Amino acid sequence: MLAKNYEPRTWKAWAVIVVAACAAIHGQSSPRQTADAAVAALGSGFVSDTAQVNGTTLHFVRGGAGPVVILLHGFPEDWYAYHRIMPLLARQFTVVAVDLRGLGGSMPTEGGYDAANMAEDVHQLTEHLQLEHVYVVGHDIGGMVAYAFARRYPETSRGVMMLDAPLPGLGPWDAVKANPITWHISFQQTPGLPEQLLAGREAIYLRHFLDFDTFSDADVARYARAYAAPEHLRAALEIYRAFPANEKFNAAQQSAISVPLVLAPGKNSPFEKLMPSFADALRAHGCANVEIEVIENSAHYVADEQPDAVAQLIERYASL
């Protein structure tokens, strides 16, 4: 969800053109073929599959054995956001990384992109797979869904971790929206326009968010393919257009819950300084168990930037 400001450099512009070309060349590759190649790279024991739940079809990647950890990605990624972490977690957990509704290998729908409904997607997926007492980790948009999951299904969740994820409608959310670095929230909420401006330029747009130090051209091309089809691009935008519904849902949650919640921002993220206020807001809304864990030497894309540290953090809390 977080945009970055980059100094213009000729080599960067050239690289963006190359990425865009790669995305166009490979745009006809099936999502399943791309997913399977990425899954194979995780190592033995991981499988790619889909399930029909809550009026859509969710794609997920599963591996490992033991207590269940659900991984939910943010914008502009898909399940692959956790590819560095999944083999580490699979040593002691059943790991399920999910493509959110309408993104990656999951089926787009006309509506249903609010966090509460996408939490229902995940809940029905856990029931379909017969997974119980799950620990849910969400980055960015996925963190919003993870929190909605804790609110809607506290009896089935043994904990939730939100990786550098602000929460609409709570605490300093207005400050998040007012920060120039989140300019894209209003842009992506604009009806109709972003679809026309971004069509065929997905790689260029996504590269704005995914910095060269962390994400290779192949990474960006992969995510561009995941968002390139018109219905998938629209789904990504509809998730942002559902933020007002998320605000109302979160503001209305006042009941006491004891599900352990962990806010885990990157140390260099602009969200980091806001996390104590978000934690206070959660406590004021009835969340009895809220902790903050700052991830050093990282900004927004913590799972990509510090996979070992994030894996260790998940292991520590998901094992409780």
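Miscellaneous remarks
- Rounded to 5, the percent of DSSP beta bridges in the chain classed as antiparallel: 35
- Relative contact order, percent, the chain [alpha-carbon distance under 8 Å, six or more residues apart]: 21
- Computed on the range 239-320, with alpha-carbon pairs under 8 angstrom and 6+ residues apart, the relative contact order is 30 percent.
- Cα gyration tensor, the range 157-224 - rounded (a/c under 1.5), prolate or oblate: oblate
- Gap separating the Cα centres of the range 60-131 and the range 159-222, nearest whole Å: 19
- Each Cα pair under 8 Å and six or more residues apart adds its sequence gap; the mean of these over the residue count of the range 181-320 is a relative contact order of 19 percent.
- Where (1) -0.75, -1.07; (2) -0.62, -0.90; (3) -0.86, -0.98 are the candidate values, the label of the one calculated here for log10 I(q)/I(0) by the Debye sum over Cα atoms at q = 0.11, 0.13 Å⁻¹ is (2).
- Based on protein heavy atoms only, the chain ends up with 39 Å² per residue of surface accessible to a 1.4 Å probe.
- Exposed-loop-free span, longest in the chain, where trypsin sites (Lys or Arg not before Pro) count as exposed if DSSP calls them loop and at most 15 other C-beta atoms lie within 10 Å: 92-200
- DSSP H segments from the chain that extend 15 Å or more along their own axis, Cα-based, with Kyte-Doolittle mean of 1.6 or above: 10-25
The values are calculated or read from the model by the stated rules, or taken from the named source; none is laboratory data. Bear in mind that the values here come from a model prediction, so they are computed numbers and not experimental data. Because the Cβ atoms are built from the backbone with ideal geometry, glycine has one as well, and the counts that use them run over all protein chains shown. We work out accessible area using only protein heavy atoms, side chains counted, and drop any ligands, DNA or RNA first. Shrake-Rupley method; radii C 1.70, N 1.55, O 1.52, S 1.80 Å.
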